[in-house]
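The values are calculated or read from the model by the stated rules, or taken from the named source; none is laboratory data. This one's a predicted model, so the numbers in the text were calculated from it and none came from an experiment. A quick note on method: Cβ atoms are made from the backbone with ideal geometry, for glycine too, and the neighbour counts reach across all protein chains shown.
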Amino acid sequence: MEYLFAVMLFAISSSITPGPNNVLVMTSGVNFGLRKSIPLLFGICIGFTIMLFLVGVGFMQVFALYPQLNLGIKIVGVAYLLYLAVLIAKSATSYNTEQQGSPLTFLNGALYQWVNAKAWMVASGAIAAFTTVGTADLEQNMQISVVFLLVSFPCVGTWLVFGTVLKKYLAKRSYRQWFNYTMALLLVLSVLPVLFEIANMLGSLGGL
């Protein structure tokens with residue numbers, strides 16, 4: 001019981017704190033409302049759970065054997081996150097019009113986890129901290145994944161609700177634009193540590 005409680009505390013602290021996932025759902029709540037953003041919320045929570053489980057059953061060992069694959073995923077992740085930042089910045093101009101853009105889908109949210117730097121850090125940290133060293137315990141991996149699944153919905157969902165509440169205060173187009181530009185900037189800033197990591201990885205591979 002103490003083990004599951006510790007996992008739950010880690011899941012809450014990592015899921016509720018600011019990050020790309022929470023920025024995305026809050027921005028979606030502001031621009032598209034609660035109902036249209038539910039698929040994105042489900043995609044993020046379920047997609048991360050699947051990713052976490054696969055990391056637990058040995059995905060990190062694959063990256064250890066093939067560092068180029070890890071580097072490739074990080075580069076694609078940075079590019080995709082910058083693309084999402086552009087979409088967020090542009091979404092203000094289409095809000096509440098017939099040309100309103102479409103919210104991100106379940107599949108967008110699920111696939112994004114594989115290129116989300118924070119998701120990789122949380123997943124690898126959870127597996128390293130809460131699984132028995134030197135073993136591939138399927139039951140432990142399943143327990144950790146289930147806890148994260150149950151915890152992530154209310155934690156990430158809080159950001160969605162917050163965004164939905166903000167929606168009525170950002171009805172004025174200029175307010176909404178500044179909000180979206182700020183969220184886009186936060187996503188761009190979240191890329192900087194990954195860019196430094198990519199540069200280090202390229203330097204290491206170049207030295208081989």
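The rows are residues; the columns are (1) within 15 Å of the chain's Cα centre (by Cα); (2) farther than 19 Å from residue 15 by Cβ; (3) in contact (Cβ under 8 Å) with a residue 24 or more places away in the chain.
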{"residue": "156", "(1), (2), (3)": "yes, no, yes"}
{"residue": "167", "(1), (2), (3)": "no, yes, yes"}
{"residue": "172", "(1), (2), (3)": "no, yes, no"}
{"residue": "178", "(1), (2), (3)": "no, yes, no"}
{"residue": "203", "(1), (2), (3)": "no, yes, no"}
* In segment 66-88, how many are among the hydroxyl-bearing types (Ser, Thr, Tyr) and free of Cβ contacts under 8 Å to residues at least 12 places away in the same chain? -> 2
* Structure fact -> Of (1) crowded, with 16+ Cβ neighbours inside 10 Å; (2) within 16 Å of residue 40 (Cβ to Cβ), residue 158 satisfies every one except (1)
* Test residue 40 against the stated conditions and say whether it is in contact with a Pro (Cβ under 7 Å, 6 or more places away or on another chain), modelled with pLDDT of 90 or more, closer than 25 Å to residue 11 by Cα and aliphatic (A, V, I, L, M). => yes
* Structure fact -> Out of (1) of a type outside the set (S, T, N, Q); (2) surrounded by fewer than 14 Cβ atoms within 10 Å (Cβ to Cβ); (3) outside any helix (DSSP H, G or I); (4) modelled with pLDDT of 80 or more, the one residue 107 does not meet is (3)
* Consider residue 62 against the criteria (1) hydrophobic (A, V, I, L, M, F, W, C); (2) modelled with pLDDT of 90 or more; (3) closer than 23 Å to residue 140 by Cβ: it satisfies all of them except one. Which criterion is unmet? -> (2)
